[in-house]
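The values are calculated or read from the model by the stated rules, or taken from the named source; none is laboratory data. This structure is a prediction, so every number in the text was calculated from the model and none was measured. Please note: Cβ atoms are built from the backbone with ideal geometry, for glycine as well, and neighbour counts cover all protein chains shown.
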Amino acid sequence: MSQIPAKKVLPPHTRYDSDFADEKLIRAMLAAPKADNGLVHDIIAKTKENREALEPAEAAALLSVDDPELLEEMFAAAAAVKKAVYDNRVVTFAPLYCSNYCVNNCVYCGFRSGNGQSVRRALTQDEVRRETEVLCGQIGHKRLVSVYGEHPDYGADYIAQTMSTIYSVKVPVRSGIGQIRRVNVNAAPMTVDELKTVKAAGIGTFQVFQETYDRDLYARLHPGGTPKSDFRWRLYALHRAFEAGIDDVAIGALFGLGDWKFEVLGLLLHARDLEKTFGVGPHTVSFPRLENACGSALKNKHQVSDADFKKLVAVLRLCIPYAGMIVTARETPEVIRSVIAMCTQRDASTRIGIGAYSDRYTEQESERQQFLLGDTRPLDAVIAELAEMGHITSFCTSGYRCGRTGDHIMKMLKSGHEGRFCKLNAVLTFREWLNDFASDSTKAAGEKLIARELAEIRAALGTAYTPEIFNQLLQYQERINKGERDLCF
Ligand code: SAM
Ligand code: SF4
């Protein structure tokens, strides 16, 4: 194991020499007098009607709402925007923690270098294979986000190797083949060359969470002398991803570190800057809430209340209407249920210890994982619940594999075209999962949902769909029932 470097040598920030997340502007907007109800009502109506990204001052006005009726109006509008862009689809995935070696010392994280209680481990390629076999062969996941601490021994080359290993795994299941079709990556900021390495390995979305957009707070939480202490290096991590040709990027902030309203506006400014610079906004937005981690010096898990959490999800949904929104198993089932209608993705059957899927330990062992989870239910139970609530679980990954990414997918989402493909592909991939993995009771709930989806598609013949497309959908379903896999539009 190599020694932890004192300070990574970073290339000069020649191209990105200022912060797009202008703190003075954010503070001024948050200090503005509370918006009157009429104005808020107009902003909600406008975004619901046109799904136009909101101006930061408009988002700040929504953040100031505390009138219960207006809040309900905001939640309903946020759910309506989600439905209009993504229909009733929820994509499920699992995180795969590959390595928790980390040179950084983020005060809130169980993997921080100063945490002597943390059990350190990096998966070998064999172990990655075994983890993947469980995820795609027993649980039925098709999409993972692989997660890494920051360490020179486990940088871009290691990340690329783990991705290739994950993609190579194929497991015979009930009537088809289980396999991971999309690997997203949550890792430290990288150089453009390093990013090209992970791009070549087939990265789906590259996720980097800024944690906080408040520079002073950032400095206090990320001690100097570590790579992560460089605020701007992180701020432009996703700009460099675009330069490397990765056009699906994901932003996020860790809620609970500071003023949650500040972070919502920081995320909005981040999304706007990506859109302005590259013509395409973030593929997804994440809003993890701080959990108490083993060995962490920071224990303020409850700083963002459940009520504020719901509000921040609604405001993000309304101000960045075309981005996917990810709620994670950090949250309890109850909290997830309260926001899922505004979200597009969630994880399930989640384990966040290194090697935790195949090691088969059952307890949430705090010294092996980053923090403790709120929702540990299996994917089967989550899918059944989603189906009961009217949400279809989509395992579709065809957008990425057919080149429908970045600018292309955003244009299609805005025009409504992507949504039409997605509805068909959701039916097909849900059919695959029901046939290969569902318990009897989940299958029954899923079949009802598929029947409803087919009825909706049939009702849209002549407008959204042609009879030929509908017939092809039915034929694809039959072929899937006979064991063929990976058929998509
Ligand atoms: N090491 C990389 C980095 O920091 O960007 C990626 C992996 S890190 C484990 C992924 C994310 O976990 C971080 O960006 C942070 O937002 C989140 N995280 C860290 N500590 C957490 C905690 N105590 N509760 C909830 N989320 C946490
Ligand atoms: Fe390391 Fe990431 Fe945890 Fe910070 S958040 S200590 S960088 S794993």
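List, please: which pairs have Cβ atoms under 8 Å, are six or more places apart or on different chains, and start with a residue in region 463-487 that is free of Cβ contacts under 8 Å to residues at least 24 places away in the same chain and within 23 Å of residue 173 (Cα to Cα) and end with one that is aromatic (Phe, Trp, Tyr) and assigned to a helix (DSSP H, G or I)?
Every condition considered, no pair remains.
May I ask you to list the residues in region 458-489 that are among the aliphatic types (A, V, I, L, M) and over 24 Å from residue 178 (Cβ atoms)? Before you say what the answer is, go through the steps one by one.
Here is the first cut: in region 458-489, the residues among the aliphatic types (A, V, I, L, M) are 459-461, 464, 469, 473-474, 480, 487.
Correct list: 459, 460, 461, 464, 469, 474.
Among the residues of region 297-330 satisfying the criterion of being surrounded by fewer than 20 Cβ atoms within 10 Å (Cβ to Cβ) and in contact (Cβ under 8 Å) with a residue 60 or more places away in the chain, which is nearest to residue 43 (Cα to Cα)? Break it down stepwise before answering.
Here is the first cut: in region 297-330, the residues surrounded by fewer than 20 Cβ atoms within 10 Å (Cβ to Cβ) are 297-303, 305-308, 310.
Okay, now just the ones that are also in contact (Cβ under 8 Å) with a residue 60 or more places away in the chain, so 297-298, 310.
Details: 297: 40, 298: 37, 310: 18 Å.
That would be 310.
Determine which member of the set 84, 94, 122, 160 is within 14 Å of ligand 1 (Cβ to nearest atom) and of a type in the set (A, V, I, L, M). Step through it out loud before you land on a result.
Details: 84 fails: within 14 Å of ligand 1 (Cβ to nearest atom); 94 fails: within 14 Å of ligand 1 (Cβ to nearest atom); 160 fails: within 14 Å of ligand 1 (Cβ to nearest atom).
The unique qualifying residue is 122.
Which of (1) over 28 Å from residue 420 (Cα atoms); (2) more than 20 Å from the chain's Cα centre (by Cα); (3) aliphatic (A, V, I, L, M) is the odd one out, the single condition residue 54 does not satisfy?
Condition (1) is where residue 54 drops out.
Considering only region 87-121, state which residues are charged (D, E, K, R) and either more than 21 Å from residue 343 (Cα to Cα) or near ligand 2 (Cβ under 8 Å from one of its atoms) (or both). Step through it out loud before you land on a result.
At the first step, the residues of region 87-121 found to be charged (D, E, K, R) are 87, 89, 112, 120-121.
Once the filter is applied, which keeps residues that are charged (D, E, K, R) and either more than 21 Å from residue 343 (Cα to Cα) or near ligand 2 (Cβ under 8 Å from one of its atoms) (or both), region 87-121 yields 112, 120, 121.
Could you tell me whether residue 185 is assigned to a strand (DSSP E or B) and either buried (at least 18 other Cβ atoms within 10 Å of the Cβ) or away from ligand 1 (no atom under 16 Å from the Cβ) (or both)?
Details: assigned to a strand (DSSP E or B): yes; either buried (at least 18 other Cβ atoms within 10 Å of the Cβ) or away from ligand 1 (no atom under 16 Å from the Cβ) (or both): yes.
In short, yes.
When region 122-167 is examined, which residues are found to be assigned to a strand (DSSP E or B) and within 16 Å of ligand 2 (Cβ to nearest atom)?
First, pick out the residues of region 122-167 that are assigned to a strand (DSSP E or B): 122, 143-148.
Those that are assigned to a strand (DSSP E or B) and within 16 Å of ligand 2 (Cβ to nearest atom): 122, 145, 146, 147, 148.
Looking at region 269-277, can you tell me whether even one residue there is within 16 Å of ligand 1 (Cβ to nearest atom), more than 21 Å from the chain's Cα centre (by Cα) and at pLDDT below 95? I'd like the intermediate steps shown before the answer.
First, the residues of region 269-277 that are within 16 Å of ligand 1 (Cβ to nearest atom): 270.
Within this subset, residues satisfying the condition of being more than 21 Å from the chain's Cα centre (by Cα) are none.
The answer is no, given that none of the residues of region 269-277 is within 16 Å of ligand 1 (Cβ to nearest atom), more than 21 Å from the chain's Cα centre (by Cα) and at pLDDT below 95.
Among 203, 180, 246, 251, which is the only one that is surrounded by 21 or more Cβ atoms within 10 Å (Cβ to Cβ), more than 16 Å from ligand 1 (Cβ to nearest atom) and among the aliphatic types (A, V, I, L, M)?
Details: 203 fails: more than 16 Å from ligand 1 (Cβ to nearest atom); 246 fails: more than 16 Å from ligand 1 (Cβ to nearest atom); 251 fails: more than 16 Å from ligand 1 (Cβ to nearest atom).
When all the criteria are applied, what remains is 180.
Could you check how many residues of region 471-489 are surrounded by fewer than 16 Cβ atoms within 10 Å (Cβ to Cβ) and assigned to a helix (DSSP H, G or I)?
Looking only at that region, the number is 7.
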